[in-house]
Amino acid sequence: MSLTVKALEIAGAYLISPPKFGDHRGFFSETYNKQALAEQGFEHEFVQDNQSVSTQKGVIRGLHFQTNPKAQGKLIRVTHGAILDILVDIRKGSPTYGQHLTIELSAQNWQQVYVPVGIAHGFCTLSEITEVHYKVTNFYAPDCDKGLAFDDPALGIDWPVALDQAILSDKDRQHPKLADLPDYFTFGDD
């Protein structure tokens with residue numbers, strides 16, 4: 001059994017399911033295999049691994065993205081706890097522009113999501129201790145680090161926490177709404 005790749009409703013986004021083999025000692029899982037993924041049409045080169053730990057339920061991180069020339073695709077997985085993962089298409093001309101997709105990722109379901117370039121990404125923790133690991137296709141570049149307002153009513157995101165109770169960084173409370181976001185990405189230019 002190998003990793004499986006399923007296309008999602010937003011073009012370029014994928015759900016990846018790694019196999020998990022367990023016994024009385026625990027489990028083993030091959031969470032990334034470039035060759036196995038390429039055989040299914042998933043060909044992305046990752047250059048950096050990141051990890052975040054959130055120590056409270058109701059933490060929102062995002063919605064984040066990096067602009068060109070350092071735009072990033074991200075492969076997201078949860079190794080402890082659970083999140084509601086959010087993808088928002090911000091590529092002008094995309095048939096799903098301004099639409100969002102939500103997926104629960106957890107250490108239990110062991111699924112991963114690939115977030116393509118041109119998608120704003122964020123998540124809300126669903127457990128007290130949550131560890132999120134992600135691979136990215138480009139190095140972090142502070143000058144290209146941007147965001148989208150998590151609470152923009154035009155997005156219609158149903159966060160699993162009351163917005164006035166959400167735990168965010170000051171930076172994540174300052175991002176512009178979709179209507180005020182410059183045209184950083186155009187669909188098909190990736």
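No value in this document is a laboratory result; all are computed from the given coordinates. Values in this document were obtained by computation on a predicted structure and should not be read as measured data. Note: ideal-geometry Cβ built from the backbone for every residue, glycine included; neighbour counts use all protein chains shown.
Tell me, what ³J(HN,Hα) does each residue in the range 8-16 have, in order and in whole Hz, if you take phi through Karplus 6.51 cos²θ - 1.76 cosθ + 1.60 with θ = phi - 60° and put x for Gly and Pro?
Values, residue by residue: 9, 5, 8, 3, x, 8, 9, 9, 10 Hz.
Residues with amide H under 5 Å of Val115's amide H, sequence separation 5 or more or different chain, H placed in the peptide plane at 1.01 Å from N; which?
Under 5 Å from the amide H of Val115 lie the amide H atoms of Lys74, Leu75, Ile76, each far enough along the sequence or on another chain.
Determine ³J(HN,Hα), in whole Hz, for all residues of the range 163-175 in sequence, where each value follows from phi through the Karplus function 6.51 cos²θ - 1.76 cosθ + 1.60 and θ = phi - 60°; x replaces Gly and Pro.
Values per residue, Gly and Pro as x: 4, 6, 9, 5, 9, 9, 6, 4, 4, 6, 8, 10, 5 Hz.
Is the range 1-95 rounded, prolate or oblate when judged by the Cα gyration tensor, a ≥ b ≥ c being the square roots of its eigenvalues, rounded requiring a/c under 1.5 and prolate requiring a/b larger than b/c?
Verdict is oblate for the range 1-95.
What ranking of Asp164, Asp85 emerges when the number of other C-beta atoms within 10 Å of each C-beta is taken as an exposure proxy, fewest first?
Ranking Asp164, Asp85 by Cβ neighbours within 10 Å, fewest first, gives Asp164, Asp85.
Please compute the modelled spin-label separation between Glu9 and Glu104, points set 7 Å along Cα→Cβ, answer in nm with one decimal.
Spacing of the two 7 Å Cα→Cβ label points: 1.7 nm.
Calculate one ³J(HN,Hα) per residue across the range 45-57 by plugging θ = phi - 60° into the Karplus curve 6.51 cos²θ - 1.76 cosθ + 1.60, and present them in order as whole Hz with x for glycine and proline.
Result, rounded to whole Hz: 9, 9, 10, 8, 10, 10, 9, 10, 10, 10, 9, 9, 6.
Please state the shape class of the range 94-143: rounded when a/c is under 1.5, otherwise prolate if a/b exceeds b/c and oblate if not, all from the C-alpha gyration tensor.
Oblate, since a/c reaches 1.5 and b/c is not below a/b.
Can you list the residues, at least 5 places off or on another chain, whose amide H is less than 5 Å from the amide H of Glu104, using H built in the peptide plane?
Under 5 Å from the amide H of Glu104: Asp85.
Quick one: among Gly93, Gly58, Gly73, which has the greatest mean-square fluctuation in a GNM of the chain with alpha-carbon springs under 10 angstrom?
Result: Gly93 has the largest fluctuation of those listed.
By the gyration tensor of its Cα atoms, with a ≥ b ≥ c the square roots of the eigenvalues, what is the shape of the range 57-165: rounded for a/c under 1.5, prolate for a/b over b/c, or oblate?
Taking the square roots of the gyration eigenvalues as a ≥ b ≥ c, the range 57-165 is oblate.
Would you mind giving the three semi-axes, in whole Å and largest first, of the ellipsoid equivalent to the range 41-93 according to its Cα gyration tensor?
23, 16, 12
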